[in-house]
Amino acid sequence: MRNRLTVACRLAIGAAIIVAVGASSAQGQEQRPSQEAPRTGGVLTGTVVDVIGRPMPGIEVYIAGTSLVTRTDARGVWRFPAPPIGPRVVVARLVGYLPYVREIHVGSATNDTVTLLLHRLPQALSPVQVRERMTLVTSSAEIQADRLLQMRVGSGRLFTREQILVMRPYSIAELVWGIPGVAVKRGQNEIVATTTRAGVGVSNIEGIACQLQFYLNNTPIDNESVAALDPMTFRSVEVYPHTVQLTGLAMRPDRCGAIVINSIRR
């Protein structure tokens, strides 16, 4: 009889341990955060003003490539709580004004408050023409957002307007100097940037030096033209040491990666 009670007790204790371990495992799985969930920043906020600095209420502001859309309040202030961190494109638009597109890096200390500036259209346009321009700007913003998204999974680098003004480089060579995987050489009349990482085209062997292609507002330019550019006129600079394909850019077969210069358009 005593042996039967001992066996029964052991079975009961074993079952209790299994249940406890199973509950603990399930609880651990429920509390474990998803590794695929995008990281978010605190709060991204800013203002929209006109050419003389007056706040503009009711302006649509959105982050390209996401579903985040908001409007400015009576003081021209807009905000996005917990935006996805990393390189992003913010767009402000209103019928009768030129849409404003700006590249930022969410999560950096330089973009706590982002000011967006809207200019009136220089001439009277028909509703069809206005819609066409709005569509063009929206498409351009989506292309930039798609490119910048590659920076989150690659080793690219975005230099914002604020960072350029702080660094005050004499040329693009000083700006991109020190980026891993990129070597920059400044000659008398040209600037040459090379990478030893695999890229696109025929010279895409890891460890073999290959030139990066320079672009000015998505248009390819040669090394001589880059040397003549003033960094103080740059709105932002995108650096891609290596990539398979960049949206909206025509890659040469003998180039690997790209440096995209976005200028301030007047």
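Only the coordinates and a few stated rules stand behind these numbers; no lab work does. What you see is a predicted model; the values in this text were computed from it and never measured.
Rounded, prolate or oblate: which one fits the stretch 157-263, using the alpha carbon gyration tensor with axes a ≥ b ≥ c (rounded when a/c is under 1.5, else prolate when a/b beats b/c, else oblate)? Cα axes put the stretch 157-263 in the prolate bin. The length gained by stretching the chain between GLU132 and ARG54 to full extension, at 0.36 nm per residue less their Cα-Cα distance, is 25.4 nm. The length gained by stretching the chain between ASP73 and LEU121 to full extension, at 0.36 nm per residue less their Cα-Cα distance, is 15.0 nm. Per-residue 3J(HN,Hα) values for the stretch 247-253, derived from phi via the Karplus relation 6.51 cos²θ - 1.76 cosθ + 1.60 with θ = phi - 60°, read 4, x, 10, 8, 7, 6, x Hz in sequence order (x marks Gly and Pro).
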